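*Asks:* Below: one structure in structure tokens.
The values are calculated or read from the model by the stated rules, or taken from the named source; none is laboratory data. As the structure is a prediction and not an experimental result, all values here were calculated from the model. So basically every Cβ, Gly included, is an ideal-geometry build from the backbone, and we count neighbours across all protein chains shown.
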Amino acid sequence: MKTVLMVLRKELTEIFRDRGTLIILLIPLFIFPILNIGIEYINQDSNKEIDIYVKYDTRELYDIFNQYISDVYNINTVTKGNPEELLKKGYVDCYIYISDYTCNFIYNSNSYKSLSLTTKLSEEFRDFYNKLMNETNEDVCLINLMDESGMVSNTADSVLSIIIPIVLVTLLFQNTSCFANDMFSGEKERKTLELLLLTNTKKVSIYFGKALALMSLSLMELLLSLGSYFLTFGIQKEGLTQFKFMINGNVKLNVTCIVLSAILLSFISVFMSLTVSLVSKNMKNSQLLNEIILVIPVGTTALLVLGVLKNNNIYSYVPVLNLLVNFIEAFSGNINITDMFISLVTNIFLLILIVCLSVRYMKSEKIL
């Protein structure tokens, strides 16, 4: 253990000797506030003029909705033509169908503006209607957010629910690989790894010392990322009205699943990047392989949040993929405890497997 701590101290000293390390670690503190300001600006700019198609069967509910939009937005309502075609071609930003105390807000899944505006309209109309009904003691209507195919979404499935998971996964894997590249492949290039192996230091101690150093940096990055994320979007009193995942389901459960999934993703990124650095002959090869690996989780996350890949029972048993699915679902409050448990178990098993294979490789002559 003493040797492991010695290697840990050595690695952290070398890493923090470079001032660029602090810049990399502090990036999340700036990304999320800037992202918040940017999304707010885009929404404010795009909300100046909205075209919506309204179809209604219930006059009473339509009058309430009409009262809401007439006071809040500069909205042009359309009641003629085929609403599906108009929405698909971009002639209207949102299609709203009102019937039997049910209000369906339908967006074009291929349009950022349509998704953003429709989500915001549905959220704000929900608040308006609930406040109005509390005064008259009427029943609250069912408000659905769905795409043009009729797939119902949680009202928290907003633009931010798409962007945030991609940003967090990218930060975790990208920054970890930056530090990991130098730990083994860098030392091989400088011939310092040979000198370290010639000492009485055990190879396993060297491996775990470097792993602990990388885990410390990764957890530090994760702490700053989640802290900045929650402070920027979750705690502010007046922020994006479309960011309201905390009202869906159990707040503590949602946050717990986000944190647990992020920690496990962080550990996976650490050992995957470290293994790549271990088997690479030089820094160039290590950087190339880690960039290729980075595409897998980030690309998969993008496909999942955009709905290109649909969740099913098979995904529940595929490590990393099931973890990404549950990580994304946590942002919408759609947590399945069974799937989450399976995800944790399978990914912990994957971590153990990676560590065992890496240690075995470390003990072989191939290390040099």
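*Asks:* Considering only the stretch 62-111, state which residues are modelled with pLDDT under 80, in a helix (DSSP H, G or I) and surrounded by 13 or more Cβ atoms within 10 Å (Cβ to Cβ).
*Replies:* Once the filter is applied, which keeps residues that are modelled with pLDDT under 80, in a helix (DSSP H, G or I) and surrounded by 13 or more Cβ atoms within 10 Å (Cβ to Cβ), the stretch 62-111 yields ILE69, VAL72.
*Asks:* Still on this structure, I have one more. Look at LEU240 and say whether it is in contact with a Ser or Thr (Cβ under 9 Å, 6 or more places away or on another chain), within 25 Å of SER343 (Cα to Cα) and either outside any helix (DSSP H, G or I) or at pLDDT 90 or above (or both).
*Replies:* Answer is no for this residue.
*Asks:* Could you give me the residue pairs with C-beta distances under 8 Å whose first residue belongs to the stretch 171-193 and is assigned by TED's automatic domain parsing to the domain that holds GLU221, whose second residue is modelled with pLDDT under 85 and not in a helix (DSSP H, G or I) wherever it lies, and which are 6+ apart or on separate chains?
*Replies:* Short answer, once both residue conditions are applied: SER185/LYS281; SER185/ASN282; LYS188/LYS281; LYS188/ASN282; LYS188/LEU368; GLU189/ASN282; LEU193/LEU368.
*Asks:* Filter the stretch 288-297 down to the residues that are touching a residue at least 24 places away in the same chain (Cβ under 8 Å) and crowded, with 19+ Cβ neighbours inside 10 Å, then identify the one that is farthest from the chain's Cα centre (by Cα).
*Replies:* Among them, the one singled out is ASN290.
*Asks:* GLU49 is checked against (1) over 29 Å from the mean Cα position of the chain (by Cα); (2) surrounded by 13 or more Cβ atoms within 10 Å (Cβ to Cβ); (3) at pLDDT below 85 and fails just one. What number does that condition carry?
*Replies:* (2)
*Asks:* Say we look at the stretch 142-170 and pick out the residues that are at pLDDT 80 or above and crowded, with 20+ Cβ neighbours inside 10 Å; which of these is farthest from the chain's Cα centre (by Cα)?
*Replies:* Looking at residues that are at pLDDT 80 or above and crowded, with 20+ Cβ neighbours inside 10 Å, I get LEU145.
*Asks:* If I ask for residues that are farther than 13 Å from GLN174 by Cα and of a type in the set (A, V, I, L, M, F, W, C), which ones from the stretch 208-223 would you list? Can you show your working first?
*Replies:* Taking the stretch 208-223 as the starting set, the residues that turn out to be farther than 13 Å from GLN174 by Cα are 208-213, 215-216, 219-220, 223.
The answer is PHE208, ALA211, LEU212, ALA213, MET215, LEU219, MET220, LEU223.
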